[in-house]
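Asker: Before I ask anything, here is the structure I am working with.
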Amino acid sequence: MPQDPLRDHLDYFQELGVEGMHPDAVWRARAEAATVGRGVSRAEQDREPVGGPEAPPYEVIPVSAVRTADADTLAIIKVDIGPDCSRCKLHTLGRKQVVFGVGNPNADLMFVGEAPGADEDIQGEPFVGRAGQLLTKIIEAINLRREDVYIANVIKCRPPQNRNPEPDEVEQCEPFLFRQIDVIKPKVIVALGKFAAQSLLKTTEPITRIRGREYRYRDAILMPTYHPAYLLRNPSSKREVWEDMKRVRDLLGGAASRA
Ligand code: URA
């Protein structure tokens, strides 16, 4: 039976905990108008701190002086990692392939997860399993398409039994993520879940405390939120993620990408 696209659209808004969807264009225009002017200018964003008085300290890692955007394309970074990367022990622990990242190299919005899972290890693309399908819906909920954004992980290889990445693995792999960020130059980075958020911000603050806050990070604003896999287990937290994504939408100011 053919699917009803409007029904699908409303279903995933409902899944995300969005209230008050209405098919009436006038109602929607009013709702949009309510958000106009809440976008943050670059000048405002540059004001410190953006994380609020209780924001944990975090380390700002300087942009690599070695190579930046023009010469250092994502393709070169991928070649640098290599298809059979052996910089950490994960290459001996059953990973099938390096999962580099996917999406628009000029994206204004970047999502960073923890590490590939089983589906990603097989398909070679981040967030393609059940959690990935929910992430795609979350992206669509702010009127972007998956291909408008860039999606990557802190760790490019699947840890065995989906265990947390270990410090030596992060140490070897994260420089490649930093280079991806520096080439893409997103306006906003959404760190998905405790591991990605703590790892990027070099903090041990619980995700419940840092989610929804805004941090200056490598020329972007970084916002931690819950991981989609956590949302699959705790659907009631979708509402908080929706709040975070509305703020992300405002920070983007309607820009999907610079391409
Ligand atoms: N979880 C992650 O953190 N990353 C993926 O790519 C898939 C699941």
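The values are calculated or read from the model by the stated rules, or taken from the named source; none is laboratory data. Just so we're clear, the structure is a prediction, and the values are computed from it rather than from any experiment. When we count neighbours, we look across all protein chains shown, and the Cβ atoms used for this are built from the backbone with ideal geometry, even at glycine.
Asker: Could you check, for the stretch 197-210, whether at least one of its residues is crowded, with 23+ Cβ neighbours inside 10 Å, outside any strand (DSSP E or B) and charged (D, E, K, R)?
Answerer: Checking the stretch 197-210: not a single residue is crowded, with 23+ Cβ neighbours inside 10 Å, outside any strand (DSSP E or B) and charged (D, E, K, R).
Asker: Just need a number here: residues in the stretch 148-174 that are crowded, with 16+ Cβ neighbours inside 10 Å and either among the aliphatic types (A, V, I, L, M) or assigned to a helix (DSSP H, G or I) (or both).
Answerer: Residues flagged as crowded, with 16+ Cβ neighbours inside 10 Å and either among the aliphatic types (A, V, I, L, M) or assigned to a helix (DSSP H, G or I) (or both) within the stretch 148-174 amount to 11.
Asker: Quick one: what pairs do we get from the stretch 83-110, first residue over 17 Å from PRO175 (Cα atoms), second basic (Lys, Arg) and assigned to a loop (DSSP other than H, G, I, E, B), C-beta under 8 Å, 6+ apart or different chains?
Answerer: Every condition considered, the pairs that remain are GLY94/ARG158; ARG95/ARG158; LYS96/ARG158; ASN106/ARG258; ASP108/LYS187; ASP108/ARG258; LEU109/LYS187.
Asker: Now for a different question. Answer yes or no as to whether ALA115 is in a loop (DSSP other than H, G, I, E, B) and within 17 Å of HIS227 (Cα to Cα).
Answerer: So ALA115 fits the description; yes.
Asker: Select, from GLY124, GLY103, the only residue that is among the small types (Gly, Ala, Ser), buried (at least 19 other Cβ atoms within 10 Å of the Cβ), within 16 Å of the ligand (Cβ to nearest atom) and under 18 Å from the mean Cα position of the chain (by Cα).
Answerer: One residue alone meets the criteria, GLY103.
Asker: Of all residues in the stretch 209-248, which are in contact with a Ser or Thr (Cβ under 8 Å, 6 or more places away or on another chain) and not hydroxyl-bearing (Ser, Thr, Tyr)?
Answerer: Within the stretch 209-248, ILE210, ARG211, GLY212, LEU231, GLU240, VAL241, ASP244, MET245, LYS246 qualify.
Asker: Look at ALA152 and say whether it is within 12 Å of the ligand (Cβ to nearest atom), under 19 Å from MET245 (Cβ atoms), of a type in the set (A, V, I, L, M) and touching a residue at least 24 places away in the same chain (Cβ under 8 Å).
Answerer: In short, yes.
Asker: Looking at the stretch 184-220 only, could you name the residues that are within 23 Å of GLU169 (Cβ to Cβ) and hydroxyl-bearing (Ser, Thr, Tyr)?
Answerer: Of everything in the stretch 184-220, those that are within 23 Å of GLU169 (Cβ to Cβ) and hydroxyl-bearing (Ser, Thr, Tyr) turn out to be SER199, THR203, THR204, TYR217.
Asker: Kindly indicate whether PRO228 is touching a helix residue (DSSP H, G or I) at 6+ places or on another chain (Cβ under 9 Å), touching a residue at least 12 places away in the same chain (Cβ under 8 Å) and under 22 Å from ILE181 (Cα atoms).
Answerer: It is true that PRO228 is touching a helix residue (DSSP H, G or I) at 6+ places or on another chain (Cβ under 9 Å), touching a residue at least 12 places away in the same chain (Cβ under 8 Å) and under 22 Å from ILE181 (Cα atoms).
Asker: Please verify whether the stretch 205-228 includes one or more residues that are closer than 27 Å to CYS85 by Cβ, hydrophobic (A, V, I, L, M, F, W, C), within 15 Å of the ligand (Cβ to nearest atom) and modelled with pLDDT of 95 or more.
Answerer: Looking for residues that are closer than 27 Å to CYS85 by Cβ, hydrophobic (A, V, I, L, M, F, W, C), within 15 Å of the ligand (Cβ to nearest atom) and modelled with pLDDT of 95 or more, one finds none in the stretch 205-228, hence no.
Asker: List the number of the failed condition for THR73; all other conditions in (1) within 16 Å of the ligand (Cβ to nearest atom); (2) surrounded by fewer than 16 Cβ atoms within 10 Å (Cβ to Cβ); (3) of a type in the set (S, T, N, Q) hold.
Answerer: (1)
Asker: Looking at (1) of a type outside the set (A, V, I, L, M, F, W, C); (2) within 16 Å of the ligand (Cβ to nearest atom); (3) at pLDDT below 95, which is the one condition that is false for GLY253?
Answerer: Result: GLY253 passes all but (2).
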